[in-house]
Each structure stands twice: as structure tokens, then as C-alpha cells.
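Remarks on the structure that follows.
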Amino acid sequence: MERKVYLDNAATTYVSSEVLAEMLPCLNGVYGNPNSLHSFGRDAMAIVDKARDRVAKAINAKTANEIYFTSGGTEADNWALKGIARAYSNKGKHIITSSIEHHAVLDSCKALEKEGFEVTYLPVDKYGMVDLAELIHAIRKDTILISIMAVNNEVGTIQNIKAIAKTAHENGIIFHTDAVQAIGAVKINVQDMEIDAMSMSAHKIYGPKGCGALYLKSGIRIENLVNGGAQERAKRGGTLNVPAIAGFGKAIEIASRDIIANQQKLKVIREYFIKELKSKIDYIHINGHPHQKINGTVSVTFEMIEGESILMLLDLAGIAVSTASACTSMSLEPSHVLKAMGIPDEIAHGTIRFSFGKDISKNDVDYTIEKLVEVVEKLRGISPLKKKK
Ligand SMILES: Cc1ncc(COP(=O)(O)O)c(C=O)c1O
């Protein structure tokens with residue numbers, strides 16, 4: 001049987017059996033519309049309430065009413081950026097974000113620029129870190145919102161969210177973070193970290209695709225993004241996706257329950273993978289922060305060859321990786337994240353993101369390294385760049 005190794009968990013994960021078990025009864029057993037007043041509706045709403053409690057507990061929200069279910073991280077990002085900016089536009093029209101955000105944030109900022117908002121895109125250092133001094137320098141009297149991601153999806157760098165949030169609040173500014181890649185990888189406590197709004201997604205933590213949530217601290221105003229019925233306390237219209245919400249609730253509960261064990265395991269795997277890589281393949285660079293990074297994501301640049309070619313040859317060997325984030329991997333544009341980190345385009349093109357899942361074994365790593373050595377040797381053998389070196 002052909003061997004398969006899935007190393008693209010930052011793009012998405014499978015739905016775990018515990019999560020699936022939580023979802024299945026909601027597909028045909030408890031099928032009422034949670035907004036119906038009869039018992040069928042109330043039963044469905046009880047499931048939604050349970051999931052809302054689980055999400056709130058996992059991130060230490062003050063109340064479950066601070067959780068709004070969405071169709072995923074993209075919607076949560078769009079809603080946070082557009083909804084908060086529009087709600088506070090009478091106070092000011094300036095937003096600060098970073099140049100390495102996910103496109104859900106960057107493109108929402110671009111859309112807001114068309115509405116007359118001004119956006120500052122902070123640079124990052126070579127490790128992908130936002131500099132607090134640069135942030136302070138960018139703050140203006142009319143700054144209403146700062147949005148900085150907790151963990152970068154391409155290189156895994158973890159930002160100093162607590163310090164950034166504190167700076168925002170000292171200046172009377174609302175702070176949003178995209179925590180899609182952080183949940184399950186780093187402990188998130190929205191009260192302690194002073195987070196006002198936070199985007200989450202289910203399908204990166206063994207939950208279903210097409211489901212996520214926005215945490216919005218009580219008292220923060222937001223305009224609706226999805227207009228319609230009175231669902232989600234009249235803030236987000238649309239019949240709730242009960243099975244997915246039930247799955248998300250379970251997935252985030254498990255992610256926080258298992259965070260320490262999962263991270264300990266992934267740290268060992270990561271270190272072993274990097275050690276083996278470095279000893280077997282030359283002319284490589286590990287991207288991202290050397291310490292302040294999540295364990296599951298390793299971004300590696302292989303000099304003299306193209307990431308797409310590596311991806312395709314690894315795919316033939318049954319190994320799934322990514323060249324950048326899943327959303328941009330169809331484009332041949334060099335990654336905006338690596339560019340912002342100062343990595344030259346010709347080198348950035350040779351970058352692969354390996355993202356490990358909780359079931360990864362040392363055997364999987366050994367097989368990946370064995371195939372990588374073959375693939376890199378083969379590609380470098382025919383690379384015109386190799387000759388120039
Ligand atoms: C950092 C980050 N933000 C937002 C998203 C979008 O989330 P979703 O796929 O749930 O729309 C992703 C997905 O890759 C992500 O990695």
C-alpha cells in the first residue's frame with residue numbers, strides 16, 4: 001500500500017472521532033432550527049449553548065455571550081475589521097495592522113481603504129516579529145483599531161499579543177487578533193491578554209470546515225456584516241450550523257484539554273525534524289522566530305530550487321506539504337510574509353511549509369526526510385542556479 005504522510009495541518013485537519021461523535025446526532029436526530037420556539041428548536045439551541053460555553057471556557061471569556069459563531073476564520077476576520085471600524089468611524093478612521101496578516105485581514109483592510117479608512121501596515125523583522133516601538137510610533141489620534149495576528153500561518157511566529165493589547169488600551173484603541181493558528185498551539189486567555197476581539201476557526205483543530213467564531217468583549221460595538229434574522233443576538237443573521245457548531249465546541253474543548261501533551265510531543269518532533277534536515281541537506285534556512293514560534297509549523301527554504309517542484313515530487317511519494325498558506329498556494333506570487341521578512345524573492349520561491357498534526361510519528365519524519373533528500377538532490381541536479389553557485 002502506498003504510504004501517506006499528511007504534513008499540511010496548518011491548511012486543515014481531519015475531523016477527530018470525538019468531534020464527529022458530537023456532530024452526528026445533530027445531523028438527523030436533533031434537527032430543529034435553534035431559533036424555533038418549540039421543543040425541537042429548544043433542543044437544538046441547547047446544543048449551541050453548550051458549544052458556546054465550551055468556546056468561552058477554552059479562551060477564558062467572561063461570559064458565553066461574548067462568543068458569536070461564524071462561517072470560519074475568514075468571516076470572523078472580515079467582521080472584526082469591517083464591523084468595528086464602521087462602528088467607531090465617528091471617532092477616527094485609522095487602523096493599524098501588520099504586513100504579514102492572513103489575506104482575510106489584509107483584504108478587509110483594502111476594502112476599508114476604499115471606504116475612506118487609512119491603514120498602516122507595520123513591517124516585521126527577519127523573524128516575522130512586529131516591533132512594539134514601531135507600533136507605538138504608528139499610533140495616531142484617530143487610530144481606532146489595531147489588528148495583529150497571534151500566530152503567523154506560514155512561519156509560525158508568535159507575536160507579543162499581551163504587550164500589543166496593553167499598548168492599544170493605553171491609547172484608547174480597540175485590539176483584535178486573528179488567533180486561527182494559535183488555538184491549540186498557545187494558551188489563549190482573552191481576559192489576561194486584554195483581547196477585545198478574536199477570530200477563531202474549527203478546521204485547524206480537528207473540527208469541521210466552515211465554522212468558527214468571533215470573540216467580542218462585552219461593551220465593544222460592532223456593525224453587522226451578515227444581515228438577516230435575529231440570530232446571534234441580532235448581530236449575525238443566518239440559521240446556525242448546529243452540527244458544525246457542536247463539533248467546534250468539542251474540538252476547542254479537546255484542544256485546550258490536550259494542549260500541553262500535544263505541544264510537548266510536537267516540540268520533540270520539530271527538533272528531530274530540523275536536526276535531521278540540517279544534517280542531511282545543505283543550503284537550507286529555517287524561517288520564523290528561533291524561539292517564539294509554535295511547534296507544529298516549520299517553514300524551510302531550500303536554496304536553488306522551486307517550492308512547487310518539491311511539493312509535487314513529495315506528493316508523488318505520498319507526502320502532503322504546502323508552499324505557503326493554502327489560500328495563496330495556487331498563486332505563483334512569492335509569499336507576502338517571506339517578502340515582509342526580507343527574504344529575497346528568488347530564495348523565497350524555494351520555501352516549503354511542513355505542518356505537523358497531533359498523530360505524527362518519528363517514522364513519518366524519517367520517511368519525509370528520506371524522500372526530501374532524494375527530491376532535493378534530484379532537483380538541484382537539474383537546477384540552472386546550482387551551476388552558478
Ligand atoms: C491565520 C489565519 N487566519 C484566517 C484563516 C481563515 O480561516 P478559515 O479557513 O476558517 O476561513 C486562516 C486559514 O488558513 C489562517 O491561517
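The values are calculated or read from the model by the stated rules, or taken from the named source; none is laboratory data. Since this is a predicted model, take the numbers as computed values, not measurements. When we count neighbours, we look across all protein chains shown, and the Cβ atoms used for this are built from the backbone with ideal geometry, even at glycine.
Listed residues 4, 93; which is under 30 Å from residue 319 (Cα atoms), more than 14 Å from the ligand (Cβ to nearest atom) and not small (Gly, Ala, Ser)? The match here is 4.
Condition (residue is more than 13 Å from the chain's Cα centre (by Cα) and away from the ligand (no atom under 12 Å from the Cβ)) applied to the stretch 178-185: is it met by at least one residue?
no
Go through (1) surrounded by 15 or more Cβ atoms within 10 Å (Cβ to Cβ); (2) touching a Gly at 6+ places or on another chain (Cβ under 6 Å) and name the single condition residue 45 misses. Failed condition: (2).
Can you tell me which residues in the stretch 344-365 are in contact (Cβ under 8 Å) with a residue 60 or more places away in the chain and either part of a loop (DSSP other than H, G, I, E, B) or touching a Cys at 6+ places or on another chain (Cβ under 8 Å) (or both)? Correct list: 356, 357, 358, 360.
Can we say residue 192 is modelled with pLDDT of 95 or more, among the charged types (D, E, K, R) and within 16 Å of the ligand (Cβ to nearest atom)? For residue 192, the condition - modelled with pLDDT of 95 or more, among the charged types (D, E, K, R) and within 16 Å of the ligand (Cβ to nearest atom) - is not met.
In this structure, residue 61 qualifies as in a loop (DSSP other than H, G, I, E, B), away from the ligand (no atom under 16 Å from the Cβ), among the aliphatic types (A, V, I, L, M) and within 27 Å of the chain's Cα centre (by Cα).
Per the listing 252, 245, 260, 220, the residue uniquely assigned to a helix (DSSP H, G or I), surrounded by fewer than 21 Cβ atoms within 10 Å (Cβ to Cβ) and modelled with pLDDT of 95 or more is 260. Per the listing 219, 247, 207, the residue uniquely farther than 21 Å from residue 127 by Cα, assigned by TED's automatic domain parsing to the domain that holds residue 80, away from the ligand (no atom under 16 Å from the Cβ) and not basic (Lys, Arg) is 219. Residues in the stretch 337-357 that are touching a Gly at 6+ places or on another chain (Cβ under 7 Å) and either at positive phi or small (Gly, Ala, Ser) (or both): 350, 355. For the subset of the stretch 165-177 comprising residues that are β-branched (Val, Ile, Thr) and away from the ligand (no atom under 16 Å from the Cβ), which member is nearest to residue 294 (Cα to Cα)? Ranking the qualifying residues of the stretch 165-177, first place goes to 167. One residue stands out in the stretch 34-57 among those that are assigned to a helix (DSSP H, G or I) and among the small types (Gly, Ala, Ser): the one that is farthest from the chain's Cα centre (by Cα), namely 39.
Looking only at residues in the stretch 222-244 that are in contact with a Phe, Trp or Tyr (Cβ under 9 Å, 6 or more places away or on another chain) and under 17 Å from residue 32 (Cα atoms), the one that is nearest to the ligand (Cβ to nearest atom) is 244.
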